[in-house]
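Colleague: Can you keep this structure in mind? I'll have questions shortly.
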Amino acid sequence: MPLLATSQTSLLHAWHCDGTLSEGRLGAVAYRRSEDFLFGVLSLPEAGRGMQALGFAAYRDIFACLEREGMPQLLRFWNYLPRINEAGGGMERYREFNVGRQDAFIEGSHPHLAGSPSACALGCGGDALVVYFLASRHAPLAIENPRQLSAWSYPQQYGPRAPTFSRASLLQLPTQEVLFISGTASIVGHESVHPGEVAAQTQETLRNVEAVLSEANRRARHGRFAARDLTLKVFVRHAEDVVAVQRVLEAELGKDLKIMYLRADVCRAELLVEIEAFGFLGAGA
Ligand code: 3EB
């Protein structure tokens, strides 16, 4: 994804943990793990298979890996789909992906409704479905957004199967809490709002992020999460909109942000911007 802007001259996301790491492979998944955490990645070339089959194959390999490694708790998934908004064999490719993903969750006995992990799904270049993920031996709390219908119960107008994710996951460790906020967009209830208006979509998205934060803060034990302390990743559909998006975020949250702006397609054609974030409380915050 082309980088459009960052708040700092360089910004790198890296996940650190205590203990000795080992690495391995299972099917298409390559991973590195500690005793308590596993980070994995896979890249599946499409090779004419279509997004339903590809989504199913990706998650089947991921669940097989987690089962073998004794890492049953899913924290966060990052999904990158080539040509996400294009028509597949009968419906949009993102909707086909949702069918395959949900089938794999059901087959692997992972919750596909309440309690599903946090996630994002963006368009990417190339010809491969890329998924990376964090799993743990510790169960996170699934957080929903009262302003939005849970994505796993979206009505059929958005495709025959609902997307499988929660609005956020809150991992509560003895001395630290980690909040993963899913890709968040200008959706109220289940409807996209402010079509064609990127600044208004950005405002609405921020209201959703704030709503998720207040839900997380009702459970937090090490203080309160605040939007301006989060590390943000902002996806903008049209590169020329980045200035307008930046203006809204800086007006609302200030200039001293950890934020990167990337050019990407978002999973509904009318959505122009999507924001994901993570944050820490307690040790290391
Ligand atoms: C939405 O709220 C916007 O399919 O994994 C956000 C986060 C979105 C994750 C996914 C989709 C996904 O429906 C789209």
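Colleague: So in the chain, what percent of DSSP beta bridges are antiparallel if you round to the nearest 5?
Modeller: Values: 53 of 69 bridges.
Among the beta bridges of the chain, antiparallel pairing accounts for roughly 75 percent.
Colleague: I would also like to ask the following. How much accessible area per residue does the chain have, in Å², with a 1.4 Å probe?
Modeller: 43
Colleague: Further question on the same structure: Could you sort THR9, THR20, THR175, THR184 by their accessible area in this structure, using a 1.4 Å probe and putting the largest first?
Modeller: Numbers: THR9 150, THR20 120, THR175 90, THR184 10 Å².
Putting THR9, THR20, THR175, THR184 in descending order of accessible area: THR9, THR20, THR175, THR184.
Colleague: Quick one: among ALA264, ALA199, ALA244, which has the greatest mean-square fluctuation in a GNM of the chain with alpha-carbon springs under 10 angstrom?
Modeller: ALA244
Colleague: Students often check this: by mean Cβ neighbours within 10 Å, which of 67-77, 50-60 ranks highest, and how do the rest follow?
Modeller: On the way: 67-77: 18.9, 50-60: 22.5.
With the highest mean Cβ count within 10 Å placed first, the list reads 50-60, 67-77.
Colleague: Step through the residues of the stretch 169-178 one at a time and calculate ³J(HN,Hα) from phi using the Karplus curve (6.51 cos²θ - 1.76 cosθ + 1.60, θ = phi - 60°), rounding each to whole Hz and writing x for Gly and Pro.
Modeller: Here the 3J(HN,Hα) series is 10, 10, 9, 10, 9, x, 10, 7, 10, 10 Hz.
Colleague: Right, something else. Identify which of LEU134, LEU257, LEU12 has the largest mean-square fluctuation in a Gaussian network model of the chain, with springs joining Cα atoms closer than 10 Å.
Modeller: LEU12
Colleague: Once fully extended, how much extra length lies between GLU240 and LEU113, figured as 0.36 nm per residue of separation less the alpha-carbon to alpha-carbon distance? Don't jump to the answer; show the numbers that get you there.
Modeller: Numbers: separation 127, 0.36 × 127 = 45.72 nm, distance 3.66 nm.
Additional length available on full extension: 42.1 nm.
Colleague: I need the shape label for the chain. Rule: rounded when a/c is under 1.5, else prolate if a/b > b/c, else oblate, with a, b, c from the alpha carbon gyration tensor.
Modeller: Numbers: a/c = 1.44, a/b = 1.06, b/c = 1.35.
Taking the square roots of the gyration eigenvalues as a ≥ b ≥ c, the chain is rounded.
The values are calculated or read from the model by the stated rules, or taken from the named source; none is laboratory data. In this text, all values refer to a predicted model and were calculated from it rather than measured experimentally. Virtual Cβ from ideal backbone geometry, glycine too; neighbours counted across all protein chains shown. Surface accessibility is based on the protein's heavy atoms, side chains included, excluding ligands, DNA and RNA. Shrake-Rupley method; radii C 1.70, N 1.55, O 1.52, S 1.80 Å.
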